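The values are calculated or read from the model by the stated rules, or taken from the named source; none is laboratory data. These numbers were taken from a predicted model, which means no experiment stands behind them. Here the Cβ positions follow ideal geometry from the backbone for every residue, glycine too, while neighbour counts run over all protein chains shown.
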Amino acid sequence: MKRLFIFSIFILFIIQLQAQKTVYLNNESEIIKDKEKASELAMIRKNDKDPQFTVEFFSMNGALLRIAQYSQFGKTPKKQILHGKTIYKFPHSEQDSLVCFYKNNLRTGGAIFYYPDGKKHIDCSYKNGNLDGLLIQYYPNDSIKRKDVYEAGIATASSVYSEEGTFLESNPFYTPPIPIDSDTKTLMREMAQKMDLPLYLIKQAGAWKADVEASFDSNGKITNIRVVQSNHSGLVAPAIEAAQEVLQSKTFKPATMDNHAVSGSIIFPILCEIKPVSPSKL
C-alpha cells in the first residue's frame, strides 16, 4: 500500500512537471476553438524546470509537420515567439526536411536542409534571420555542388561545381528580394523618419528599435509586413505603418533560389534615437 502511494505521488509529480495542452490553429496561426475551421493541431508541452515551450504541429489528418521551441506561445502570431530548436518534416513523412534554430523569432545559428531520403542537402548558418557565413550545397551522391559565403543575407562569394568536382560558375544559391529603384539602407532611413512614435516613448529619451520583416511572393509583390522583435511593444504599430507607407510605392525583384524565383523576405532594422526634450516643448 505504501509503495502504491509513493508511485501515485511520483506519477502526479511527472504530470505536473510536464504539462501538456492541445489547441487548434487556423491558416493565420491563431488559436481557435472551432475544429472545423482549423488547419493544424498543436500539442503544447511545458516543463516546469524549463522556460521553453515545446510545440508539436500536426495536420488535421494527424501527420507531424514540425516540432518547435518557443519562449512564448499565445493565441495570436504576435504572441508566439520562436526561440530554440525547430525541426521541419517532409509532407507525409517522418523524415526531417530542415533542422534550425531561432532566437526571438529570427533564424540564428546552424541549419541543415535534407533530401527526402535523409541525405544532407544544404549546410549553412544564419544570423538575425539572414544567411551569414559559409553555405555548402551537396548533390544527392554527397559530392559538393556549391560553396557560398554570405554576409547579412548577401552572397559575397560563390562557386558551383559539377558532380565530378569541376568548377562551373559563380552563382549564389540564394538572393533576397532586391529593391529596384532604391536600396535597403535608404529604405530603413525612410522608415525611421516616418515612424510616428507615441508621445510616452518620445518623452523617454533613448534608442528605440524594431526589426520589420517584409515578405514577398515569387513575383516580388509584398504579401505581409510584421515586426519580428522590438525593444518596446509600443513600436509595433508605428513600425508596420511606416514600412507600409515606404514600401507600397517600391518595386522589388523577387528572391531567387538555385536560379528560380521564390518567395522571400527582407528584415529592416529600424532605429529611432530620441534625445531628451524639455517638458515645455511637449
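Being within 26 Å of residue 28 (Cβ to Cβ) and not basic (Lys, Arg): is that true of residue 273 here? So residue 273 fails the test.
Scanning the stretch 86-108 for residues that are within 12 Å of the chain's Cα centre (by Cα) and part of a strand (DSSP E or B) yields a total of 7. The residues listed here are 82, 135; of these, the one that is of a type in the set (A, V, I, L, M, F, W, C) and within 22 Å of residue 178 (Cβ to Cβ) is 135. Quick one: would you say residue 112 is touching a Lys or Arg at 6+ places or on another chain (Cβ under 7 Å), surrounded by 13 or more Cβ atoms within 10 Å (Cβ to Cβ) and of a type outside the set (Ser, Thr, Tyr)? Against the criterion (touching a Lys or Arg at 6+ places or on another chain (Cβ under 7 Å), surrounded by 13 or more Cβ atoms within 10 Å (Cβ to Cβ) and of a type outside the set (Ser, Thr, Tyr)), residue 112 qualifies. Of the residues making up the stretch 155-174, those that are surrounded by 11 or more Cβ atoms within 10 Å (Cβ to Cβ) and either more than 21 Å from the chain's Cα centre (by Cα) or over 14 Å from residue 124 (Cβ atoms) (or both) are 157, 158, 159, 160, 161, 162, 163, 168, 170, 171, 172. Whenever a residue of the stretch 43-65 is on the phi > 0 side of the Ramachandran plot, its partners that are part of a strand (DSSP E or B), lying with C-beta atoms within less than 9 angstrom and at least six residues away or across chains, give the pairs 62/41. Does at least one position in the stretch 119-136 carry a residue that is over 20 Å from residue 173 (Cα atoms) and either at pLDDT 95 or above or over 18 Å from the mean Cα position of the chain (by Cα) (or both)? Taking every residue of the stretch 119-136 in turn, none turns out to be over 20 Å from residue 173 (Cα atoms) and either at pLDDT 95 or above or over 18 Å from the mean Cα position of the chain (by Cα) (or both).
Take residue 142 and decide whether it is of a type outside the set (Ser, Thr, Tyr), in contact with a Pro (Cβ under 9 Å, 6 or more places away or on another chain) and either buried (at least 19 other Cβ atoms within 10 Å of the Cβ) or part of a loop (DSSP other than H, G, I, E, B) (or both). Here the answer is no, as residue 142 does not meet what is asked.
Residue by residue, here is whether (1) surrounded by fewer than 19 Cβ atoms within 10 Å (Cβ to Cβ); (2) in a helix (DSSP H, G or I); (3) at pLDDT 95 or above holds:
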{"residue": "181", "(1), (2), (3)": "yes, no, no"}
{"residue": "185", "(1), (2), (3)": "yes, yes, no"}
{"residue": "193", "(1), (2), (3)": "yes, yes, no"}
{"residue": "196", "(1), (2), (3)": "yes, no, no"}
{"residue": "208", "(1), (2), (3)": "no, no, no"}
{"residue": "211", "(1), (2), (3)": "no, no, no"}
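No other residue among 271, 235, 201 is out of contact with any Lys or Arg (no Cβ under 8 Å at 6 or more places or on another chain) and not in a loop (DSSP other than H, G, I, E, B) apart from 201. Of the residues 111, 152, 205, 157, the single one that is among the small types (Gly, Ala, Ser), in contact with a strand residue (DSSP E or B) (Cβ under 8 Å, 6 or more places away or on another chain) and touching a residue at least 40 places away in the same chain (Cβ under 8 Å) is 205.
Just one residue in the set 269, 238 is touching an Asp or Glu at 6+ places or on another chain (Cβ under 7 Å), under 30 Å from residue 170 (Cα atoms), not aliphatic (A, V, I, L, M) and not assigned by TED's automatic domain parsing to the domain that holds residue 80; that residue is 269. The single condition among (1) among the charged types (D, E, K, R); (2) assigned to a strand (DSSP E or B); (3) touching a residue at least 60 places away in the same chain (Cβ under 8 Å) that residue 78 does not satisfy is (2).
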